[in-house]
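All of the numbers you see were taken from the coordinates with simple rules; none came from a lab. Since the model is a prediction, treat every value here as computed from it, not as a measurement. Note that each Cβ is placed from the backbone with ideal geometry, even for glycine, and that neighbours are counted across all protein chains shown.
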Amino acid sequence: MEKELQIIADMMAVAARTAPKAKGEDFVEIKVLSGNDLSLLADEMIKYGESSGRPNFDRDGYNVRDSEAVLLLSLLAPVYLGLDCGACGFDTCAEMEANFKEGPDFNGPLCAWRLVDLGIALGSAAKTASLFNADNRIMYRIGVAALRTGMIKGEIAIGIPISATGKSIYFDR
């Protein structure tokens, strides 16, 4: 079943790539992990949870270790839309950009519309996994560890692990 789940992960990547993006501009980075990369990612998640005292990084790390593949998505150097809409919490895009800084997990603030782009890509990928009956769950903790290890680059990252067992490993926690 490993081969089939790798194909599903690749199809999820296609769904994320072709998902609609604001102004047709694509700042979503995509990477599929499998094999030994899953162990490295799981190890980083567990280690980070222990060193930071933050809960559930270990739990999600064990889920990653038991998965067949993980789809990583990130926003890499997203250019703001220029609407001055205030959805990011600032009055203007220039003010948002002037307040950009590195955060403990992710960098920001980010343009809300670029975050919507990422959300649509995530939803498209998760839907694709569902169409093929692959168990999956969107996990922000995966993104934290993937950025820390350099497995993907970006300002914010999120992962979707997939597996196929008799009972979903992502909801039996």
Number of positions in the stretch 8-40 that are under 14 Å from L71 (Cα atoms), assigned to a helix (DSSP H, G or I) and either out of contact with any Phe, Trp or Tyr (no Cβ under 8 Å at 6 or more places or on another chain) or not β-branched (V, I, T) (or both): 11
Which listed residue is assigned to a loop (DSSP other than H, G, I, E, B), touching a helix residue (DSSP H, G or I) at 6+ places or on another chain (Cβ under 8 Å) and over 28 Å from K47 (Cα atoms), from G154, G89, G166: G89
Pair list, Cβ under 7 Å, 6 or more apart: the stretch 73-102 residue more than 29 Å from A13 (Cα to Cα), other residue of a type in the set (S, T, N, Q) and loosely packed, with under 14 Cβ neighbours inside 10 Å: F90/N99
Among (1) touching a Pro at 6+ places or on another chain (Cβ under 7 Å); (2) farther than 24 Å from G123 by Cβ - the single one S67 does not satisfy: (2)
Filter pass, G89 being farther than 21 Å from G159 by Cα and out of contact with any Gly (no Cβ under 9 Å at 6 or more places or on another chain): yes
Matching option when the condition is under 16 Å from A146 (Cα atoms) and out of contact with any Cys (no Cβ under 7 Å at 6 or more places or on another chain), among A77, A69: A69
Among (1) touching a Pro at 6+ places or on another chain (Cβ under 6 Å); (2) in a loop (DSSP other than H, G, I, E, B), the one test that A77 misses: (1)
The stretch 137-149, residues that are free of Cβ contacts under 8 Å to residues at least 40 places away in the same chain and either assigned to a strand (DSSP E or B) or touching a helix residue (DSSP H, G or I) at 6+ places or on another chain (Cβ under 6 Å) (or both): I138
In the stretch 91-107, the residues that are surrounded by fewer than 18 Cβ atoms within 10 Å (Cβ to Cβ) and either over 17 Å from the mean Cα position of the chain (by Cα) or small (G, A, S) (or both): D91, T92, A94, E95, E97, A98, N99, F100, K101, E102, G103
